[in-house]
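K.L.:
I am attaching a structure below and will ask some questions about it afterwards.
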Amino acid sequence: VAINNHLSLTLTIFRLRILQDLQLSILMHRLSYYYEVMSLSVSQQLVFDAANILHQGDLVAFPTETVYGLGADAGNADALAKLYAVKGRPVSHPVIVHLADAGQMNHWATDIPPAAWVLADAFWPGPLTLILPRASHVLDAITGGQNTVGLRVPSHPLAQALLQAFGRGLAAPSANRFGRISPTKAAHVREDFSDAELPWLLDGGDCAVGVESTIVAFQHGFPFVLRPGMITTEQIKAVCSSGGERIGTLTDVLPIPSLKELTQQEHYSQEGDLETIRVSGLLTRHYAPRTKLYLVPGFRLMATVEARLAAMASLEIKRREAPVDFSQKAKPTRFGVLARQAKPAALGLFGQQVRWVQAAKDAKTYAQELYAHLHALDALGLDVLLLEAVPENNDWAAIADRLRRASARA
Ligand code: TXA
Ligand code: MG
């Protein structure tokens, strides 16, 4: 299809040369039409090619609305082995299976609690992952040997197109090396994996949500949040407890007070029978940049910045006084700040020492841009990154969670 269109485009250009002005403008119009048809079919062709690559057991990185995923055929053990090898992830960690629609849930899971259907209905396609009892055929490489499987229907149009063309379950962790920052741009994926390691990368632009999906697990049919995401606990609670036809029978099974909101710590200490769940996103140090990173409350940010500048200045003075003694020591040169507040004018003089990045004030945009900021700041090779802490409320819960993990000491 692409070649045919290319041919007609070439022919059109050729014919253009022998036409009068009026006809020329008409043809210019046709030309742009051909161009659109061509680019459309080229991308469709790419999606089919990518689906074929997946069928052959190779990997394809693709965009989702949350972060880029590193996809492999969820039913192919060899493809999954490749996935774990390239990502550098321990094989005991489970991976999410991405589906084109909720209709495929029954193929991958059994004993699906009513609340899961309600949540799928409300939030799919979208940034929500459901942890459900696995169907017997699901490979251990998917579940990490556990009796559950994580399922998600992403909403990104390119992810949807790929899943439709592929027709099967697509295992996909975030497309970063294990323990690194998740990618929200195709270029981030390329920072972590070379062309040779990962020849196939579909570029779908910047991810709209920007942090990984909300993960919901169930115990005795009751949902609880395993990993916070931009679909908030409040939203989940509201959907599970509201009336409506499909939910009607649910209210019996799902009284509001039973909805559990567990942080990981509570999760491990209180949920005896869930203790074996392994969630790599829940390892304390995760999503971390290479640069040392500190979380600082907003009210203490300026004092921290000033103290650092003062320490740097006195070190510099000592260095000048005793250059020999200090020449061997690593010299602090420049640190970064990621804050919702603007760079104070007083810091204007310290452009060399402080790289100040102003993040968005609203949670949605902040989340969208967070990993891009961290990628960019990390690439500068700064001594330290100071992250202004974010508000402690439901809208910011997923962001606070990621900042906490990124700043956790190994
Ligand atoms: O938004 C997302 O969820 C992105 C995009 C690509 O879909 N994916 C993602 O995958 O973040 P990953 O592998 O980086 O994180 C998925 C998390 C991991 O912490 C994994 O342990 C957990 O989901 N997980 C997967 N299956 C699970 C299961 N059966 N039980 C408990 N946790 C599970
Ligand atoms: Mg990840």
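K.L.:
The conditions are (1) over 21 Å from residue 75 (Cα atoms); (2) at pLDDT 95 or above, and residue 179 fails exactly one of them. Which is it?
P.N.:
Tallying (1) over 21 Å from residue 75 (Cα atoms); (2) at pLDDT 95 or above, residue 179 fails exactly one: (2).
K.L.:
Which one of these is open to solvent by 60 Å² or more (accessible area, probe 1.4 Å), in contact with a Gly (Cβ under 8 Å, 6 or more places away or on another chain) and in contact (Cβ under 8 Å) with a residue 24 or more places away in the chain: 60, 91, 95, 67? Break it down into steps so the answer makes sense when it comes.
P.N.:
Working: 60 fails: open to solvent by 60 Å² or more (accessible area, probe 1.4 Å); 95 fails: open to solvent by 60 Å² or more (accessible area, probe 1.4 Å); 67 fails: open to solvent by 60 Å² or more (accessible area, probe 1.4 Å).
The unique qualifying residue is 91.
K.L.:
Let me ask another. Working carefully through the options 236, 231, find the one that is away from ligand 2 (no atom under 16 Å from the Cβ), in contact with a helix residue (DSSP H, G or I) (Cβ under 9 Å, 6 or more places away or on another chain) and part of a helix (DSSP H, G or I). Quick ask: steps written out before the conclusion?
P.N.:
Working: 231 fails: part of a helix (DSSP H, G or I).
After ruling out the rest, the residue left standing is 236.
K.L.:
Mind checking whether some residue in segment 1-8 is within 26 Å of residue 203 (Cβ to Cβ), aliphatic (A, V, I, L, M) and at pLDDT 50 or above?
P.N.:
no
K.L.:
Find the residue count for segment 132-174, including only residues that are within 18 Å of residue 76 (Cβ to Cβ), of a type in the set (Ser, Thr, Tyr) and near ligand 1 (Cβ under 8 Å from one of its atoms). Even if it seems obvious, please write down each step before you answer.
P.N.:
So the first thing to find is which residues in segment 132-174 are within 18 Å of residue 76 (Cβ to Cβ), and the list is 134-145, 149-151, 162-163, 165-173.
Filter once more, so that each one left must be of a type in the set (Ser, Thr, Tyr): 136, 143.
Then drop every residue that is not near ligand 1 (Cβ under 8 Å from one of its atoms), which leaves 143.
The total comes to 1.
K.L.:
Of all residues in segment 175-192, which are away from ligand 2 (no atom under 16 Å from the Cβ) and among the basic types (Lys, Arg)?
P.N.:
Residues of segment 175-192 away from ligand 2 (no atom under 16 Å from the Cβ): 186-187, 190.
Result: 190, single match.
K.L.:
Filter segment 148-174 for residues that are part of a strand (DSSP E or B) and more than 16 Å from ligand 2 (Cβ to nearest atom); which is nearest to residue 206 (Cα to Cα)? Please lay out each step first, then the result.
P.N.:
Taking segment 148-174 as the starting set, the residues that turn out to be part of a strand (DSSP E or B) are 148-152, 170-171, 174.
This time we only want the ones that are more than 16 Å from ligand 2 (Cβ to nearest atom), so: 148-149, 151.
Values: 148: 31, 149: 28, 151: 23 Å.
Among residues in segment 148-174 that are part of a strand (DSSP E or B) and more than 16 Å from ligand 2 (Cβ to nearest atom), the one nearest to residue 206 (Cα to Cα) is 151.
K.L.:
Also: Of the conditions (1) touching a strand residue (DSSP E or B) at 6+ places or on another chain (Cβ under 6 Å); (2) open to solvent by 30 Å² or more (accessible area, probe 1.4 Å), residue 136 clears all except one; give me its number.
P.N.:
Every condition holds for residue 136 apart from (1).
K.L.:
Okay, next question. Check off (1) touching a Ser or Thr at 6+ places or on another chain (Cβ under 8 Å); (2) assigned to a loop (DSSP other than H, G, I, E, B); (3) more than 18 Å from residue 167 (Cβ to Cβ); (4) more than 16 Å from ligand 2 (Cβ to nearest atom) for residue 133 and give me the number that stays unchecked.
P.N.:
With respect to (1) touching a Ser or Thr at 6+ places or on another chain (Cβ under 8 Å); (2) assigned to a loop (DSSP other than H, G, I, E, B); (3) more than 18 Å from residue 167 (Cβ to Cβ); (4) more than 16 Å from ligand 2 (Cβ to nearest atom), residue 133 is out only on (2).
The values are calculated or read from the model by the stated rules, or taken from the named source; none is laboratory data. Note that the structure is a prediction, hence the values are computed from the model and not measured. In this analysis, Cβ positions are derived from the backbone assuming ideal geometry, glycine residues included, and neighbour counts consider all displayed protein chains. The accessibility values were calculated without ligands, DNA or RNA, using every heavy atom of the protein model including side chains. Shrake-Rupley method; radii C 1.70, N 1.55, O 1.52, S 1.80 Å.
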